[in-house]
Amino acid sequence: MKTDNRISDAEWEVMEIVWDNKKIRAYDIIKKLEMKTSWSDKTVRTLIRRLVDKNVLGVEKEKFNMYYPLLSKEECVKEATNKFINKVYKGSIGLLVSNFVKNNKLTQKDIDVLKDLLNEDENKK
């Protein structure tokens, strides 16, 4: 995902609906968001237009415009994660993990998963 394609928290809400539906009309996005937000029709349409402008959403012009994701959720999660790590931890994954471990209670399962990931990464070298 290119840096000019970063999506805001509000745009993320729209994308969650699109990712769940693969191809969807703006009207259906609006209806689904009405259940969990107080956003107006105009606000949602603006968010959709921004996502199209950022090349995150594609549009097929049929009887109704049909919107579909141009980027996978995984691509967007990776970009958001990298942005967060760079912003908060100056790019240091070690600092992120260290802070997380110090401030959270890890279960034995969590510890085992971390060990497996570290061993897997070490074996790749």
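What pairs come up if the first residue lies in the range 55-66 and is within 20 Å of W12 (Cα to Cα), the second is surrounded by 10 or more Cβ atoms within 10 Å (Cβ to Cβ) and charged (D, E, K, R), and their beta carbons are under 6 Å apart, counting only those six or more places apart or on different chains?
Final answer for the pair search is M66/K23; M66/E60.
Give the range 66-125 a look and list any residue that's part of a helix (DSSP H, G or I) and of a type in the set (S, T, Y), or say none.
T81, Y89, S98
Can you name the residue in the range 1-53 that is among the hydroxyl-bearing types (S, T, Y) and either touching a Cys at 6+ places or on another chain (Cβ under 6 Å) or in a helix (DSSP H, G or I) (or both) and, of all such residues, is modelled with the lowest pLDDT?
Among those residues, the one meeting the criterion is T3.
The values are calculated or read from the model by the stated rules, or taken from the named source; none is laboratory data. Predicted model, so just to flag it, every value in this text is computed and none were measured. Because the Cβ atoms are built from the backbone with ideal geometry, glycine has one as well, and the counts that use them run over all protein chains shown.
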